[in-house]
1. Return the whole-Å distance between the Cα centroid of the stretch 74-90 and the Cα centroid of the stretch 176-195.
2. If r is the Cβ-Cβ distance from Leu35 to Ser216 and R0 is 41 Å, what FRET efficiency results, to the nearest 0.05?
3. Amide H of Asp173: which non-local residues (sequence gap of 5 or more, or other chain) have their own amide H closer than 5 Å, using H built in the peptide plane?
4. In whole Hz, what ³J(HN,Hα) sequence does the stretch 159-174 give by Karplus (6.51, -1.76, 1.60; θ = phi - 60°), x for Gly and Pro?
5. How much accessible area per residue does the chain have, counting only protein heavy atoms and a probe of 1.4 Å, in square angstrom?
6. If you take every DSSP beta bridge fully contained in the chain, what fraction is antiparallel? Give it as a percent rounded to 5.
7. What ranking of Thr164, Thr113 comes out by heavy-atom accessible area, probe 1.4 Å, highest first?
8. Over the chain, what is the relative contact order in whole percent, taking alpha-carbon pairs under 8 Å and six or more residues apart?
Amino acid sequence: RDLHSFPTRRSSDLDRSAYDSRRYGTLAGYATDVLEICEELGLQGATWIGHSVSGMIGALAAIAEPERFARLVMIAPSPRYLNDPPAYVGGFDRADIERLLELMDQNFIGWATALANVATTQPALARELSDNLCALDRLSAREFARATFYCDHRADLARLAAPTLVLQCSEDDIAPPCVGEFMAKQLPRGKLQVLPVSGHLPHMTNPAETTEPIRSFLRDG
């Protein structure tokens, strides 16, 4: 089946009874979703392009069923958002994450606004991102945040056999440049390209600078 044959829905329109907190308590649950879609579509040798945590979700899917993926592109990814001193800097201390989750409980709109402003300095885009975050189901959003910010998939990087392009922004408060460098060293067939842009949303703020290296990678491998 073609991807366009699937109806497009907003998260607010989805059936809440289909959500399983146990399944989505870790990123593995989302990777399983990806593989179920691949099976439904009969995909083999596909290219995965994932932004932020979606990059690692695609990596977990490719590790589980490598025949499904010929190559991966990760835009501003991270295998571990928490700092693990002195060897690893992920960008956040545990106290930072705990405050973030507390803010989600106490002031969801404030959390959405704060996170959007960290992701981009462009006011219009920050408002759009904040509005999209506010439209999320609060329970599933909080559980997804926990699964994301407490994950640790650094050891899994060595198991990803497919050629992988890591696109890292030169300035990014959510996924610092050192994270991209770490990933490229751990990936068996990893290639790092640093984009001369700031923020966590280069595909939205600087689409030309982001798509050019992706096109080159898909063309030349």
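The values are calculated or read from the model by the stated rules, or taken from the named source; none is laboratory data. The structure presented is a predicted model; accordingly, all values stated were derived computationally and were not measured. Backbone-built Cβ (ideal geometry, glycine too); neighbour counts: all protein chains shown. These accessible areas exclude ligands, DNA and RNA; they are computed on the full protein's heavy atoms, side chains included. Shrake-Rupley method; radii C 1.70, N 1.55, O 1.52, S 1.80 Å.
1. Result: 11 Å between the Cα centres.
2. On the way: r = 28 Å, r/R0 = 0.68.
E(calc), rounded to 0.05, equals 0.90.
3. Residues meeting the amide H criterion: Gly199.
4. Along the stretch 159-174, the couplings run 8, 8, 7, 6, x, 9, 9, 9, 9, 10, 6, 5, 9, 7, 6, 8 Hz.
5. Values: 11660 Å² over 221 residues.
Accessible area per residue: 53 Å².
6. Values: 1 of 19 bridges.
Here the antiparallel bridges make up roughly 5 percent for the chain.
7. On the way: Thr164 0, Thr113 60 Å².
Sorted by accessible area, descending: Thr113, Thr164.
8. Working: 351 pairs, mean separation 47.1, N = 221.
Taking the mean separation of contacting Cα pairs over the length of the chain, I get 21 percent.
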